[in-house]
1. If we sort 233-241, 7-15 on the protection proxy, mean other Cβ atoms within 10 Å, highest first, what's the order?
2. Which value in deg cm²/dmol, rounded to the nearest 500, describes the helix-derived mean residue ellipticity at 222 nm for the chain, given -39,500 (n - 2.57) per DSSP H run of n ≥ 4 and division by the residue count?
3. Which shape class applies to the stretch 81-142: rounded if a/c is under 1.5, otherwise prolate when a/b exceeds b/c and oblate if not, where a ≥ b ≥ c are the square roots of the Cα gyration tensor eigenvalues?
4. Taking square-rooted eigenvalues a ≥ b ≥ c of the alpha carbon gyration tensor, is the stretch 108-192 rounded, prolate or oblate, where a/c under 1.5 means rounded and, failing that, a/b exceeding b/c means prolate?
5. Using the count of nearby Cβ atoms within 10 Å as a rough guide to exposure, how do Leu116, Leu107 rank from fewest to most?
6. Can you compute the modelled spin-label distance between Val187 and Ala223, with each label point 7 Å from Cα toward Cβ, in nm?
7. If each residue's Cβ is checked for other Cβ atoms within 10 Å, how do Arg44, Arg264 rank with the fewest at the top?
8. So who's got an amide H within less than 5 Å of the one on Ser71, skipping anything under 5 residues away but keeping other chains? H placed 1.01 Å off N, in plane.
Amino acid sequence: MTGDDQLATARWHRLVSDRVAEMKRLAPELGSLSGPFWEGRADRYAKSVSLGDSEGEPFLRRLRRVAQPSSTAIDVGAGTGRFALPLAMDVRQVTAVDPSEAMLTVLRREAEGLGLTNLDLVNASWEDAGVESADIAFSSFVLTLVPDAGAFVTKLEAAARRHVFLYLGAYCGDAVLDPLWRHFHGVPRSPGPSYLDAIAVLRELGIDPEVRVVEIVNRKRFATVGEAVEHYREWLLLADTPEIARELEGLLATWLLGRRGALRSPLPTRPAAILHWRPRARR
Ligand SMILES: C[S@@+](CC[C@H](N)C(=O)[O-])C[C@H]1O[C@@H](n2cnc3c(N)ncnc32)[C@H](O)[C@@H]1O
């Protein structure tokens with residue numbers, strides 16, 4: 001650990017930056033995780049986090065425990081609206097902020113399909129967004145993409161009148177894929193920040209969050225091994241060559257469970273952490 005790394009915010013910055021640099025080096029065509037990466041993936045992402053699945057989500061249940069019909073909420077990095085959409089059915093107004101136009105296009109389409117008129121879409125990164133404060137401000141599966149976690153969280157807290165939530169994975173997907181990563185790359189992957197790093201960042205900012213670790217059901221299914229190859233090739237930042245595809249297919253064929261049409265990874269559930277606190281200026 002360097003002197004700088006003793007500060008949680010500096011350590012977070014280094015973990016995210018190293019990870020982004022590794023991605024740029026190995027798969028520059030994928031684009032930045034805080035921008036272009038999502039542009040070509042919005043429809044696929046929407047399918048993987050469909051609205052029906054949100055209903056069983058522990059985070060949605062947690063949000064609903066504090067949401068009132070009169071509440072307003074901000075969803076930072078809303079994506080295709082996995083939480084913004086169902087929450088909008090329960091509260092007065094939801095502002096969904098996301099820098100990806102493609103993700104917001106899917107969200108808008110879904111909102112129209114559901115007849116929701118109380119969603120305000122803001123096409124900007126959280127760092128650049130100008131939005132009015134709301135009763136609840138939350139961000140789900142975004143923080144680990146952001147190098148300056150301190151500024152992101154400070155702005156999130158300042159935007160909340162009553163409740164702030166962060167939702168993030170509590171078990172790095174890398175752990176599952178580590179043997180495959182090492183097989184292809186020969187070295188371990190650059191580690192991303194974990195929810196424990198996020199708690200350390202919050203404590204450094206003087207925030208003592210309530211922490212709840214929950215289990216998310218893995219609903220990801222692949223129709224064929226070929227579909228799984230495409231998915232994991234991208235996760236593993238591997239080049240798009242027939243040789244690599246063949247080798248990965250051989251490895252995945254022995255690893256995936258289930259039957260043709262509904263193949264899945266061996267993990268039935270995976271943990272995630274809900275961090276919650278009351279904004280300090282308003283306690
Ligand atoms: C993994 S998706 C999560 C989407 C949604 N919150 C969910 O849980 O399904 C990450 C999203 O964060 C957005 N994002 C990335 N960097 C961001 C930033 N600096 N500010 C706001 N959103 C950001 C991406 O465009 C993408 O839609």
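1. On the way: 233-241: 15.3, 7-15: 19.1.
Descending mean neighbour count gives 7-15, 233-241.
2. Values: 11 runs with 116 residues, N = 283.
Dividing the helical sum by the residues of the chain leaves -12000 deg cm²/dmol.
3. On the way: a/c = 1.70, a/b = 1.18, b/c = 1.44.
The shape class here is oblate.
4. prolate
5. Values: Leu116 18, Leu107 26.
So the residues, fewest neighbours to most, are Leu116, Leu107.
6. Reported label-point gap for Val187 and Ala223 is 3.9 nm.
7. Working: Arg44 11, Arg264 16.
Ranking Arg44, Arg264 by Cβ neighbours within 10 Å, fewest first, gives Arg44, Arg264.
8. Arg92
A short reminder: the numbers here are calculations on the coordinates, not readings from a lab. Just so you know, these numbers come straight off a predicted model, no measurement behind them. Heads up, the Cβs are rebuilt from the backbone with ideal geometry, glycines too, and the neighbour counts pull from every protein chain shown.
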